[in-house]
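What follows is a short report on a single structure.
The values are calculated or read from the model by the stated rules, or taken from the named source; none is laboratory data. Here the structure is a predicted model, which means the values were calculated and not measured. All Cβ positions, glycine included, derive from the backbone under ideal geometry; neighbour counts span all protein chains shown.
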Amino acid sequence: MSVSETTVIRDAPPAWISVMRMLWRDKFAFCAAIFLLLVILCAFLGPTLLEDVATRQNLRGRNAPPFDFSQAWTMWLGGDALGRPLLARIIVAARNTMMVAAGAVVCSMVIGTILGLIAGYSSKTASQIIMRLADVIMSFPSLLLAVIVLYMLAPSVGNLIVVLAITRIPVYLRTSRAEVLEVRERMFVQAARVMGASTKRIVFRHILPVVFPTLVTIATLDFAFVMLAESSLSFLGIGIQPPEITWGLMVSQGRPYLTTAWWLSFWPGLAIILTTLSLNLLSNWMRTALDPVQRWRLEIARKKND
Amino acid sequence: MKTFLGKRAISSAISLVGLIVLVFFLSRLTGDPANLYLPVDASLESRERFREINGLNDPLILQFFRYVGDLVQFDFGMSVRRSEPALDAVLRAFVWTLELAAITMTLVAVLAIVVGSLAAFRVGGVFDRIATFFSLIGASAPDFWIAIVAIVIFSVGLGWVPTSGTGTVWHWILPIAVLFIRPFGLIVQVVRGSMITALSSAYVKTARAKGVKNRPIIFVHALRNAMLPVVTVIGDQAAALLNGAVVVETIFGFPGVGKLMIDSILQRDFAVVMAAIFVTAVAIFVMNILIDILYAVLDPRIRY
């Protein structure tokens, strides 16, 4: 370790600059990253700034049509069935939507990866038990689990995170196990073992860094999936309950007014699509950027197309 | 091969047993059906009688062993709600879901493989960009939102297809179209990625050098080798459909197993819930084994 810490490569720019440069090369991914930053900003600041505006009812503005620019900016996307401004509500709902998805992805990734590392690197019995567990979770209908947990415990953000996290654990478990099985046979792992490194050190210092990029790419993609799952649960009425709001819940609240006021369901649905689309684009970019074989596609400027 | 099938069957059976134990005890935690089926002011005696008739009075563990005893004889119990054997209700719904899933997945697989391969043939070309863009949007769209927007446009606005229910061929179009979108988007991406790798391999270069035409190169040489990850993803997506496309089935009033399951959970119809989960789990296990066999067919290097 000490050797690599003292050698400084002069010519290469700091890591984050080269990452930003690669991101700039892929314009779609760049836009996606900007949009996601915006959504995260909304999630952090929205509720504190707009909570009051988003819950204030205004019966004169019931189902107010969108694009009425004479109104306050929060009403530009129209008003909902109680005259509450849709744009403000979408911004406020970003927090719950993001919190559930982020919480579920982080929990399932940490637990799944640890189990996967154990299954890949320890004894055969432990591996068998863990894999059968994954099979059971995979074949267990996630919806049933959601209903059961949300009936026993109140349907809150925390419980929703637990439900979604459990259903996504097998994804990380299976991926990290498969990667570990391959990586553990490589020369540097065997060298570390010969040099007497402890199992803990081999797994966390030698194997995990190799597996990690794949897991991060999957997590980005999974974030989109979890968001859609949460939206579906809220849509079916077994997710987050009013007066809390998420985008999925907003779509379902607009459903009765579909034929007369399409914008009630349309905008929150569009917010969901744009966010998941951005996550997918970013995940695609990461797959290329983190893969040493494919990275050249982003590092050299595309002269032919630009 | 035979030992492999045996092993897979055994491990599937173990998972199935785990699933049944888990579902049995977890579903009992959702509440007492007596509160749901009897009026609020029902007397204590009538509640007792309801529980007695439906065998809910015994200790949970006794109920469980009785259930397992019946299960061994393929008796899944009666549906409280429908007063018919639970298995009948489930199988009837499952046929609907199976048809829906089969039609959708066939369309998805064929179209996604063709589109994905053509997109991979010229990376960065016009067709590739269009295909990538639309498949990404498809993979990102929430199906419930697509469903209601489609109903507004095609059923209410244009009046081309019915909004919900079953009966004619027209009733199938919207559910299939909505279910088609997300798996299609995902699988096009997987096919494209996998084909890019295959098309840059040495054997494709050799085929080119020999003067093989483009079409056989794509669809014979490269595609067959690129199919393994594609088959995996198709399997996952088909499993998700078999588990019941709950949201789409609910919106379109489609009498499939997903709708049956959510209704039964909400109505605490435990026998139907258990039977539905059992049937879908068996179907998914069978499909997984078939996919493993398909691996061996596609790639003769894989032996079990």
Pairs, please: C-beta under 8 Å, at least 6 apart or cross-chain, first residue in contact (Cβ under 8 Å) with a residue 12 or more places away in the chain and in segment B:194-216, second outside any helix (DSSP H, G or I) and of a type outside the set (D, E, K, R)?
-> B:196/B:123
Specify the residue that is surrounded by the fewest Cβ atoms within 10 Å (Cβ to Cβ); the eligible residues are those in segment A:141-160 that are hydrophobic (A, V, I, L, M, F, W, C) and within 8 Å of chain B (Cβ to nearest Cβ).
-> A:152
Test set (1) on the phi < 0 side of the Ramachandran plot; (2) surrounded by 15 or more Cβ atoms within 10 Å (Cβ to Cβ) - residue B:77 fails condition number = (1)
Does residue B:271 count as in contact with a strand residue (DSSP E or B) (Cβ under 9 Å, 6 or more places away or on another chain), touching a residue at least 12 places away in the same chain (Cβ under 8 Å) and in a helix (DSSP H, G or I)?
-> yes
If only one of A:278, A:198 is polar (S, T, N, Q) and within 11 Å of another protein chain (Cβ to nearest Cβ), which one is it?
-> A:278
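Condition check ((1) farther than 30 Å from residue B:252 by Cα; (2) outside the structural domain of residue B:270 (by TED's automatic domain parsing)) across all residues:
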position	(1), (2)
B:16	yes, yes
B:42	yes, yes
B:52	yes, yes
B:57	yes, yes
B:64	yes, yes
B:79	no, yes
B:102	no, no
Residue A:163 is checked against (1) crowded, with 19+ Cβ neighbours inside 10 Å; (2) more than 22 Å from residue A:113 (Cα to Cα) and fails just one. What number does that condition carry?
-> (2)
Restricting attention to segment A:182-198, and to residues there that are surrounded by 11 or more Cβ atoms within 10 Å (Cβ to Cβ) and of a type in the set (D, E, K, R), which single residue is farthest from residue A:214 (Cα to Cα)?
-> A:193
Given the structure, is residue A:176 polar (S, T, N, Q), touching a Ser or Thr at 6+ places or on another chain (Cβ under 8 Å) and away from chain B (no Cβ under 14 Å)?
-> yes
Which residues, counting only those in segment B:163-218, are surrounded by fewer than 14 Cβ atoms within 10 Å (Cβ to Cβ) and in a helix (DSSP H, G or I)?
-> B:170, B:202, B:203, B:205, B:206, B:209, B:210, B:214, B:215, B:216
Which members of segment B:67-107 meet the condition of being of a type in the set (S, T, N, Q) and under 30 Å from residue B:188 (Cα atoms)?
-> B:97, B:104, B:106
Within segment A:222-243, can one find any residue that is in contact with an Asp or Glu (Cβ under 9 Å, 6 or more places away or on another chain), more than 14 Å from every other protein chain (Cβ to nearest Cβ) and surrounded by fewer than 20 Cβ atoms within 10 Å (Cβ to Cβ)?
-> no
When segment B:227-255 is checked residue by residue, the ones that are in contact (Cβ under 8 Å) with a residue 60 or more places away in the chain and within 13 Å of chain A (Cβ to nearest Cβ) are B:237, B:241, B:242, B:244, B:245, B:247, B:248, B:249, B:251
Of the conditions (1) in a helix (DSSP H, G or I); (2) in contact with a Pro (Cβ under 6 Å, 6 or more places away or on another chain), residue A:175 fails just one. Which one is it?
-> (2)
Those residues of segment B:69-104 which are in contact (Cβ under 8 Å) with a residue 40 or more places away in the chain, among the small types (Gly, Ala, Ser) and over 30 Å from residue B:172 (Cα atoms), in sequence order | B:77
Examine segment B:261-284 for a residue that is farther than 24 Å from residue B:29 by Cα, more than 12 Å from chain A (Cβ to nearest Cβ) and touching a Ser or Thr at 6+ places or on another chain (Cβ under 6 Å), and state whether such a residue exists.
-> no
Before we move on, is residue A:168 within 14 Å of chain B (Cβ to nearest Cβ), crowded, with 16+ Cβ neighbours inside 10 Å, in contact with a helix residue (DSSP H, G or I) (Cβ under 7 Å, 6 or more places away or on another chain) and modelled with pLDDT of 85 or more?
-> yes
In the set B:231, B:286, B:279, B:297, which member is outside the structural domain of residue B:16 (by TED's automatic domain parsing) and either closer than 30 Å to residue B:164 by Cα or not in a helix (DSSP H, G or I) (or both)?
-> B:279
State all residues of segment B:133-162 that are buried (at least 16 other Cβ atoms within 10 Å of the Cβ) and away from every other protein chain (no Cβ under 14 Å); if no residue qualifies, say none.
-> B:161, B:162
Exactly one of (1) within 14 Å of chain B (Cβ to nearest Cβ); (2) crowded, with 23+ Cβ neighbours inside 10 Å; (3) among the aliphatic types (A, V, I, L, M) is unmet by residue A:131. Its number?
-> (2)
